[in-house]
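Visitor: What follows is a single structure, and I will ask about it in a moment.
Any read-out appearing in this document is the output of simple, stated calculations on the displayed coordinates, not a laboratory observation. All values reported here derive from a predicted model rather than from experimental measurement. Every residue, glycine as well, gets a Cβ built from its backbone with ideal geometry; the counts of neighbours run over all protein chains shown.
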Amino acid sequence: MAAAPESHDVLTSFDPASATIAVVTYNRSALLTRLLESLVVMDPKPGHIVIVDNASSDDTTAVVESFRSRIGSEIVYRKLDTNTGGSGGFSEGMRIAYELGSEWIWLMDDDVEVLPDGLARMGVWAPRFQSIQGRRYDYDGSEFYWQYRVADRMGIPIPFAPAGFGPSGYKEMNSGCFEGMFIHRDIVRRIGLPDPRFFIYWDDQLYGWLASRITTSVIVDEFVLRRTREIKQWDMGIRHMNASSDAYRYYIMRNRAHIKRYYRTVGAYSPVLFGAGTALTFAKEIIRLLVVERKVSGTRHLFRGLRDGRKIARDRSWRPMPPLDAAQPAL
């Protein structure tokens, strides 16, 4: 168990009612049900639960309505007209949570459940940090390893960042994951909402990276989530490599262009190093195809993503997401 931060009392420094859990879901009502069931027994509970529905065609609406009187937190349900992807969903969820006045916003997908004391464990660290990532168990109960460090100029995760925690109970990170990101409204105010243009992939890594530029971001040794969906994996011993999809392959390569534009905006872009990061990303996806999925047909989606990324790189109208506080300078 992680050591609690010294000289801070969570009972007086963190109010669970000031937090909002923001969930993005799409046509997975069975998984959403498991998540909401976990929130019923969670103690303490957040003030609000925001559910962004990416235009589901199943019984998601009915599922949400069935929990309104059971959870004990106010549920805000927003069904979008079109599927905006995880990126658009988290951007909308964070916007709603921010406008509700939430001090803390806890983001998660619909394929996890929250451990009963999850919010309390995150709240322990709230007096000390403003960008916090908890840990989660994988579907089989194993400890999930998350790549919490990014090679700055290359814009890619460092695959074997040290996994052990010392007596402090935390490690500094320069990345982010919307499956469990716990972030203070002051950071959101300063860097703006997640960029919906990503649709899926790289959006959370970039958002966490932007947050780490203005605050000390940490991953803490607190297990707060459990994945409820099994994913095909290649067990590499130290870590796993998950199966993917053609859509992911496309956006993995296309969205490198969005990251490049952000890097240029903040003066962190190195053509050689970032290009190397893109090449390594491409190679990794080829390995994923051959070893995990045992096929080669998905390569055309990688090339299509690179091609469309070049259009983004040349788009003169492109601008980063603006801060929510007009008094704050743009990135």
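Visitor: Shape verdict for the chain, please, from the Cα gyration tensor: rounded (a/c under 1.5), prolate (a/b greater than b/c) or oblate.
Guide: Taking the square roots of the gyration eigenvalues as a ≥ b ≥ c, the chain is rounded.
Visitor: Using the count of nearby Cβ atoms within 10 Å as a rough guide to exposure, how do Ile71, Ile158 rank from fewest to most?
Guide: Ile158, Ile71
Visitor: Sticking with this one: Order these by the 10 Å Cβ neighbour count, fewest first: Tyr251, Tyr207, Tyr137.
Guide: Tyr137, Tyr251, Tyr207
Visitor: If we count every other residue with Cβ under 10 angstrom of His301's Cβ, Lys/Arg +1 and Asp/Glu -1, where does the sum land?
Guide: Net charge in that neighbourhood comes out at +2.
Visitor: Where a ≥ b ≥ c are the square roots of the eigenvalues of the C-alpha gyration tensor, would you call the stretch 10-137 rounded, which needs a/c under 1.5, or, failing that, prolate if a/b is larger than b/c, or oblate?
Guide: prolate
Visitor: In which sequence would Lys311, Lys45, Lys284 go, from the one with the fewest C-beta neighbours within 10 Å to the one with the most?
Guide: Lys311, Lys284, Lys45
Visitor: Moving on to the next point. Based solely on its DSSP helices, what 222 nm [θ] is calculated for the chain when runs of n ≥ 4 H residues each add -39,500 (n - 2.57) and the sum is averaged over all residues, nearest 500 deg cm²/dmol?
Guide: About -10500 deg cm²/dmol.
Visitor: Taking only C-alpha pairs under 8 Å that are 6+ residues apart, what is the relative contact order of the chain in percent?
Guide: 20
Visitor: Setting aside same-chain residues fewer than 8 positions from Lys171, which lysines have a Cα under 29 Å from its Cα?
Guide: Once the sequence-local lysines are set aside, what remains near Lys171 is Lys45, Lys232, Lys260, Lys284.
Visitor: Same structure again: Please report the net charge: other residues with Cβ closer than 15 Å to the Cβ of Gly192, K and R +1, D and E -1.
Guide: Charge balance in the 15 Å sphere: +1.
Visitor: Right, next: Between Phe274, Gly169, Phe67, whose Cα lies farthest towards the positive end of the dipole of the chain when Lys and Arg beta carbons carry +1 and Asp and Glu beta carbons carry -1, centred on the Cα centre?
Guide: Farthest towards the positive end: Phe274.
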